[in-house]
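For reference, the structure is listed below as structure tokens.
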Amino acid sequence: MLGAGNRSPIINEEQGGSEAVNEMAMKEYGDEWTMDGSVDFKSRPARRGKSGGWLAASLVLVNQGLATLAFFGVGVNLVIFLTRVLQQDNAAAANNVSKWTGTVYLFSLIGAFLSDSYWGRYKTCAIFQIIFVVGLVMLSLISSLFLLRPSGCGDEHTFCEPQSGFKVGLFYLSVYLIALGNGGYQPNIATFGADQFDEQNPSEAHSKIAFFSYFYLALNLGSLFSNTFLGYFQDRGSWALGFWASAASAMIALVLFVAGTTGYRHFRPSGNPLSRVCQVIVAAARKWNASSSKELYEIGSKEFASTGNRKLLHSEGFKFLDRAAIIQAKDEPNVQRNPWHLCTVTQIEEFKCVLRLLPIWLCTIIYSIVFTQMASLFVEQGAVMDTYIGSFHIPPASMSAFDILSVALFVFLNRHVFQPLASRLTGNSSGLTELQRMGVGLVIAITAMTSAGTVEIYRLKHVCKDCNDQRSSMSILWQVPQYMLIGASEVFMYVGQLEFFNSQMPDGLKSFGSALCMTSISFGNYVSSLLVTVLMEITKKGGSPGWIPENLNKGHMDRFYYLLALLTAADLVVYIVCAKWYKSIMIEEEEAEADDGDEIDHIKGAGLGDSEV
């Protein structure tokens, strides 16, 4: 079989190339060509010095930073905009923000599907960035022309006049266009940046691992400006200025992304993954009573190389799916294969990879409930604390700057202190594995929620319950530990998650792997919204104001934080069990060889109980 390190790029027939020509070129130029199947913008084999590398990846990082600045220019203060401008109560505003944020990441599945199946990552990123810019411009216009009336409203003291349903509808149309644009773009830009490094080259493979840390750092640094400067002006009522600044940032990001077109490395889309999964299910169902002693089917190396993907080795587990690769008398693979009756081993293993990842993915949803509190309840908690240091006012949403600083600090510490230390202690050159780091993230998230609950208990002790002013005399700076802990947990959880899903996904589903990271945040937001709604219904019985009422001084938000800490602790236990059960993807090794003369499909003699094909 063709080894992972021997996958030569295929020259497009439009350029008059062929596989034989490509192999000759590889022999002549050696390391000048990438070995991972990537191509340049003209679909020619990618050359190291002419495409990809840190130059192209740096453009992606800057693009991500600017796009994140634009996104958080809307998202970080959205809960305040809903309460002050659209006059929604605290619980409704928090739920609407959770639903909107959840929808952002849910749209990532659409972007990943189009990227992996039809458009490729570059085209998908460009199209969804255009939608993103349109949504931001639309929001800026609607806010300037309709919503911010009277002029200067929306600050801490002046509420805006009630709006008609039509104007509110336009507002929601614009913010959900932003959700669509950013959601469809996010999973692809991370994977597209990683595509700029050839993992078959040792030095570039190391850079690829480092890229994910820098990517998450760029994401957080991009939001720093939004959380500080834009958040400050928006809190003072300059919403239009903040929205227009976000729109300008998104436009610059799009221009820079397009400017690097000729220097990027690309991977061809692999076709609809849903049809491949359905073929496995149907073929396995048709052969439910097939004997386990039959051989399993796999295509020839040269034919497989033309897809630009690597073969996956046969694995134990989910053995009922292996029946889809059993060759029966009516199957004629060497003539014309019916994929709805006979599937390849690699096709089956793709499905198995997704099934094995799902329990790990489900365990990350509870963490995302914790993470989403920064954009909702943390902000509402800070708004009823003392937000002044002398005469300087700290916008509650700007406290997330401490989360960003924590991310920057722990990215550095993780790469230069924790991982080298773990490497020496464990004897593993890579230090802690991705799964271990994700577990550490869950532990830190528990301490973050405990810290937030403790701060809320002391905040309630420093309020005047008979006064009109709901503010506590407790300084908002007491929120710093909970923000810093969330930032530390992100570095371990989300960076580890990005690396894990990218490395454990088959070549044809890389964007889908990144989308899984986003959708865990999506479901976390939806579950958070549902949890708040259910708890309010339960805790409001008997005339009680509930845990998160309009006047937070009459509620018990601390109990909600402690509940999240308990849920995360229970999730940690389940996660440890799932992590111990998980089996890593097995990709064809370089040493594995096939008959070079085979031009047609071939069969490997492995039964259902074998571990190799």
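Taking a ≥ b ≥ c as the square roots of the eigenvalues of the alpha-carbon gyration tensor, the stretch 93-154 is classed oblate because a/c is 1.5 or more while a/b is no larger than b/c.
Using packing as a proxy for protection, rank 571-583, 253-265, 339-351 so that the peptide with the highest average count of other Cβ atoms within 10 Å comes first. Spell out each step's value before the answer.
On the way: 571-583: 14.6, 253-265: 17.9, 339-351: 22.7.
Top of the packing list down: 339-351, 253-265, 571-583.
Of the solvent-accessible surface of the stretch 75-206, computed with a 1.4 Å probe and all protein chains present, 68% belongs to carbon and sulfur. Ranking VAL384, THR346, ALA401 by how far each Cα lies toward the positive end of the dipole of the stretch 334-467 (charges on Cβ) leaves THR346 at the top. If you take the square roots of the eigenvalues of the alpha-carbon gyration tensor of the stretch 235-292 and sort them as a ≥ b ≥ c, do you get rounded (a/c under 1.5), prolate (a/b over b/c) or oblate? It is oblate, given that a/c is not under 1.5 and a/b is not larger than b/c.
Within the chain, helices built from complete DSSP H runs that reach 24 Å or longer along their own axis (Cα positions) and carry a mean Kyte-Doolittle hydropathy of 0.5 or higher are 53-75, 90-114, 121-142, 165-194, 202-225, 239-259, 345-372, 434-460, 510-539, 557-581. A convex hull fitted to the Cα coordinates of the chain yields 172 cubic angstrom per residue. For TRP33, the amide hydrogen comes within under 5 Å of the amide hydrogens of ARG48, counting only partners 5 or more places away or on other chains and with H modelled in the peptide plane. Measuring from centroid to centroid over Cα atoms, what is the spacing of the stretch 32-72 and the stretch 400-478 in Å? The stretch 32-72 and the stretch 400-478 have Cα centres spaced 33 Å from each other.
The values are calculated or read from the model by the stated rules, or taken from the named source; none is laboratory data. Everything quoted here is computed from the prediction, not taken from an experiment. Glycine also receives a Cβ, built like all others from the backbone with ideal geometry; neighbour counts cover every protein chain displayed. To get the accessible areas, we keep the full protein, side chains included, count just its heavy atoms, and leave off ligands, DNA and RNA. Shrake-Rupley method; radii C 1.70, N 1.55, O 1.52, S 1.80 Å.
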